[in-house]
Every structure is written in structure tokens, then in C-alpha cells.
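First up is the structure itself, then whatever we jot down about it.
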Amino acid sequence: MIRGLHGLFYSSEPEAMRAFLRDKVRLPHTDVGEGWLIFDLPEGDVGVHPVDDSGQPSPGTHDVSFYCDDIEGTVADLKSRGVQFKGPVQDHGYGFVTYFTMPGGVEVQLYEPKYQKSSRPASGRARSKPARRQAAGRKTAKGARRAKKKGR
């Protein structure tokens, strides 16, 4: 039974990239010796995308993205540790997206998904956090009124 995915980044600066993932991105890791760090991710997913009409990206290529629950907060946190982003967060339909480059010229995507992950509820980003909290409060109050009417 497959239990997960082991991914690899190929970098012309492997030591610097390992330090970047350890110190700036702060991924938990296991030191397996001789400078090798294996980074542990709490969850993951895999998607399959078609190539476009011009054959891009080339068939057989791979892409790695990191995802988060709060892209603005995550970007601010990473920037405070010196991570530089290629541009502002943009809405790509499936989620809110930005990119950063790691040592060795390896570009990765960071995104906040709009879709519901099977392991957790969707982030509900369409509303602001205060609006989501307020809506949650209304639902709770509504449930309390229903329970009171039913004599619970």
C-alpha cells in the first residue's frame, strides 16, 4: 500500500537549499547523516494536469507546490525570514497563488486552495476571516435557538 509521496528537488546549491528549507521554510526534518536532510510534510496531494495545446509544459515534467491555510499570513511569515516572492498573491481559480525561488534557482508555488481537501474542510477564503467568524457565530446562535424551541 502506498503511504505517501517522496519528492526530490535537484539544485546546483543543495546545501543552501537544505538550509533554506530547514531555516526559512522551517520544515521538520530528519538528519540522515553526511549533510542529508529528509523533510517531513504533514500531508500532501497529487494532481494530474494536461499539457496545453502547444505541448507545454513538456510531457513528463513535474511540479512541486507548497500549500497553506492562510496565504497572506504565510507569505508575511516567510518574508520575515528573508524569503523573496516573485510577485503578489493572485487568484488562479483553484486557489490563491504566489511563487518563490529557492537556492539553486528552484521555483516553487505557494498556494491556499479553494477546493476542499479530503483531510480537512475548505478554507472558505471567499469571505474575510472576520466574516467567516461572524457567520460561524450566526450558525451557532441559530442552532441554539432551534434547540431551545425543541425544548433541548
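Derivation of every value follows stated rules applied to the coordinates shown; laboratory data play no part. Just so we're clear, the structure is a prediction, and the values are computed from it rather than from any experiment.
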Exercise. Have a look at region 1-97 and give its Rg and Dmax from the Cα atoms, expressed in angstrom.
Key: 15.7, 45
Quiz item: Per-residue HN-Hα couplings for region 63-75, Karplus 6.51 cos²θ - 1.76 cosθ + 1.60 at θ = phi - 60°, whole Hz, x for Gly and Pro?
Solution: 9, 10, 10, 9, 10, 8, 8, 9, 5, 4, x, 5, 4
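What is the count of Lys pairs in region 1-129 whose alpha carbons sit under 21 Å apart, if the two are 8 or more places apart or on different chains?
Details: Lys24/Lys79; Lys24/Lys86; Lys114/Lys129; Lys117/Lys129.
Lysine pairs meeting both conditions in region 1-129 amount to 4.
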Quiz item: Using modelled backbone amide H atoms (1.01 Å from N, in-plane), which distant-in-sequence or interchain residues come within less than 5 Å of Tyr99's amide H?
Solution: Lys86, Gly87, Leu110
Quiz item: Along region 43-55, what does the Karplus equation 6.51 cos²θ - 1.76 cosθ + 1.60 (θ = phi - 60°) give for ³J(HN,Hα), rounded to whole Hz, x for Gly and Pro?
Solution: 7, x, 8, 9, x, 10, 10, x, 7, 7, 4, 8, x
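So how much slack lies between Ser54 and Arg3, counting 0.36 nm per residue of separation and subtracting their Cα-Cα distance, in nm? Kindly include the intermediate steps, with their values, before the conclusion.
Numbers: separation 51, 0.36 × 51 = 18.36 nm, distance 3.50 nm.
Stretched out fully, the Ser54 to Arg3 stretch lengthens by 14.9 nm.
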